[in-house]
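Notes follow the structure.
The values are calculated or read from the model by the stated rules, or taken from the named source; none is laboratory data. What you are looking at is a predicted structure, and each value in this text was computed from that prediction instead of being measured. Cβ placement follows ideal geometry from the backbone for every residue including glycine, while neighbour counts extend to all protein chains displayed. Side chains are part of the model used for accessible areas, which takes the heavy atoms of the whole protein and leaves out ligands, DNA and RNA. Shrake-Rupley method; radii C 1.70, N 1.55, O 1.52, S 1.80 Å.
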Amino acid sequence: MNDYFFVDTLYLQKIECVLKEILCLYNFSEIKLPLIEYYDLFKCAIGSITDIIEKEIYIFSDRSNNNIALRPEGTVGCVRAIIENGLFHSLPCRFWYSGPMFRYERPQKGRYRQFYQFGMEIVGISGPEAEVELILICNRLWEKLGINDKLFLEINTIGSLISRKIYFDVLKKFLLNKKSFFDNILWKKIIRNPLILFDSKDPSIFELIKDAPILNDYIDDVSILHFKELCLILDSFCIKYTINHKLVRGLDYYNNTVFEWFTNDLGAQNTVCAGGRYDSLFKKLSKYDFPGIGCAIGLDRLLLLFKSMDIIFNKFEFKLIRIIGVNDTRVFCIHLAEKLRDLFFNLKLSININNKIIKINKYYTHAKKNNIDIILFIDKNYLEKNTFFMYDLKFNIKKMLSCDGFIQYLKDVFKYYQ
């Protein structure tokens, strides 16, 4: 476990400060989570036959003989908090959190038993725009910190739980011929979840499974379509990535998209940011069933890359904007949002994609309750004329504007406050 002093603490503060400014642009809210949870929560969510639960989790009994654990990661605690506090009534919701996590691992460069993470979770969005949003946030952070040329993105889809069960049967048959190479403990884990082999850093295991069947060949059509749309949107932003069919992540609750940002400058512990979808986690922990996706940035590892950099911060008054997209306008909405974020750093901007047209008055009511300043309605029919509908609730202005017209409108609005 590390002690951090100045100048390291200054760097960590600057990293978090930039992250918070960026997440304001994407309308994320902070959530503070306890360091301890009931052990059974992690055991149920993460999976009982995983290294985290079997080897790494810090577990103890309190005075009431409850099994308590120091949190090994943040997603499970965040989902638990959303369920217990009924926050799913205002979906979609976006949360970020920061703080120490704990795992009893073999310490080495970039891997500590108390380590610091900055996590982001999006709940209530099933479309690939959620993955795109998290990847764009990370990409924006790397650019702000000047380290985007040192980080590389790998993505994959591990499909639905049903398609993975089919693949598990095929993979287990392949591994039966190699059973003698595994000890009994590892073999029991393989029977439970053979994907853990693809998450192993052991070169000998990597050699054993290099000819194994590929999960991608057994992915269901819905998951493949979701992944293709994700790749198309990333391509439209010229985001560089590699599809790694053996990237699976080590936790049981993941499904569909998984991704990692890694670097070649940190040796074996080279993952700086990682995440994925967990659409079945809510149902696993409660009677509710909501899609979710999250990722976590390893601040300790990011610090190792960042020590030679400096950041200048500015403070702004923020304007809250909601983009409502209907009738197949997802890609345009995401591009418009990114363009606005590039031009104006004093925005809190979120996107709501809805393929079904809902009465505009419902959006007005929701916007007023949530103190939203401006709503943009993006409809495919209007886009053919290069226009969309804007409603400025603060000044009670409603008008049709082009993209350039709205940018000029925002410039005039901010001049009004200067």
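Here are a few things to note about the model shown:
- Global geometry of the chain, whether rounded, prolate or oblate, following the gyration tensor of its Cα atoms and the 1.5 cut on a/c: prolate
- Rounded percent of accessible protein surface that carbon and sulfur make up, the chain, 1.4 Å probe: 51 percent
- Here the chain is treated with +1 on each Lys and Arg Cβ and -1 on each Asp and Glu Cβ, and its dipole about the Cα centre works out to around 740 debye.
- Antiparallel %, DSSP beta bridges [both residues in the chain], to 5: 75 percent
- Summarising the amide proton neighbourhood of Tyr116: residues at separation of 5 or more, or on other chains, whose placed amide H is nearer than 5 Å comprise Met101, Leu299, Asp300.
- Listed by chain and number, the lysines whose C-alpha is less than 21 Å from the C-alpha of Lys172, apart from same-chain residues fewer than 8 away, are Lys188, Lys189, Lys201, Lys210, Lys246.
- From phi via Karplus (6.51, -1.76, 1.60), per-residue ³J(HN,Hα) for the range 256-265 in Hz, x at Gly/Pro: 6, 6, 10, 8, 9, 9, 10, 10, 9, 9
- Anisotropy class of the range 145-289 from Cα gyration tensor, a/c 1.5 cut: oblate
- Flagged links, alpha-carbon separation over 21 Å, of Lys368/Lys415; Lys228/Lys362; Lys228/Lys385; Lys240/Lys339: Lys368/Lys415; Lys228/Lys362; Lys228/Lys385
- Accessible surface of Arg341, taken over heavy atoms with a 1.4 Å probe and every protein chain present, rounds to 10 Å².
- Shape class for the range 135-194, computed from the alpha carbon gyration tensor (a ≥ b ≥ c): prolate, with a/c not under 1.5 and a/b above b/c.
- Assuming charge only on the beta carbon of Lys and Arg (+1) and of Asp and Glu (-1), the dipole of the range 167-279 about its Cα centre is about 420 debye to the nearest 20.
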